[in-house]
1. All but one of (1) surrounded by 13 or more Cβ atoms within 10 Å (Cβ to Cβ); (2) of a type in the set (Gly, Ala, Ser); (3) modelled with pLDDT of 90 or more hold for GLY22; which doesn't?
2. Would you mind stating whether TRP90 is at pLDDT 90 or above, out of contact with any Leu (no Cβ under 8 Å at 6 or more places or on another chain) and surrounded by 12 or more Cβ atoms within 10 Å (Cβ to Cβ)?
3. Given the options TRP72, TRP39, name the one that is in contact with a helix residue (DSSP H, G or I) (Cβ under 9 Å, 6 or more places away or on another chain) and at pLDDT 90 or above.
4. What tally of residues in region 34-51 results from selecting those that are small (Gly, Ala, Ser) and either part of a strand (DSSP E or B) or closer than 12 Å to GLY93 by Cβ (or both)?
5. Identify all residues within region 57-84 that are out of contact with any Leu (no Cβ under 9 Å at 6 or more places or on another chain), touching a residue at least 40 places away in the same chain (Cβ under 8 Å) and over 17 Å from GLY27 (Cβ atoms); write none if there are none.
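The values are calculated or read from the model by the stated rules, or taken from the named source; none is laboratory data. All of these numbers come straight from a predicted model, not from anything done at the bench. Here Cβ is always computed from backbone atoms with ideal geometry, including for glycine, and neighbour counts include all displayed protein chains.
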Amino acid sequence: MCGQLAVATWPAAPRSEAGVSGKEISGFDELPEKAADLWLISSFPHLVPSVGCVKRSRLPDSLSHITDTGRWYALAASRGDGGWSPVGSWAWGRS
């Protein structure tokens, strides 16, 4: 599915905060291509728990079938000397 599949905790969004508030899109198919070291997708805005893929330019289409119902959040991040930095975040669906 992803080459490397990971279950991750996004360190930049502590549980006490609301989590990511991404650009609103109409669905999974509108996720753009972004060079990222890590992609996360979750049904929770704080991205815990989440499923992730590493070293990809986009989440794989094989994940699209799980996002047909409910509210979903995606985050792309790059890793640098100072840790993780988001390069984009998106949200879609209904609560």
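1. With respect to (1) surrounded by 13 or more Cβ atoms within 10 Å (Cβ to Cβ); (2) of a type in the set (Gly, Ala, Ser); (3) modelled with pLDDT of 90 or more, GLY22 is out only on (3).
2. no
3. Working: TRP39 fails: in contact with a helix residue (DSSP H, G or I) (Cβ under 9 Å, 6 or more places away or on another chain).
Only one candidate qualifies: TRP72.
4. Taking region 34-51 first, the residues small (Gly, Ala, Ser) are 35-36, 42-43, 50.
Those left that are additionally either part of a strand (DSSP E or B) or closer than 12 Å to GLY93 by Cβ (or both): 36, 42-43.
Selection size over region 34-51: 3.
5. Across region 57-84, the qualifying residue is only GLY83.
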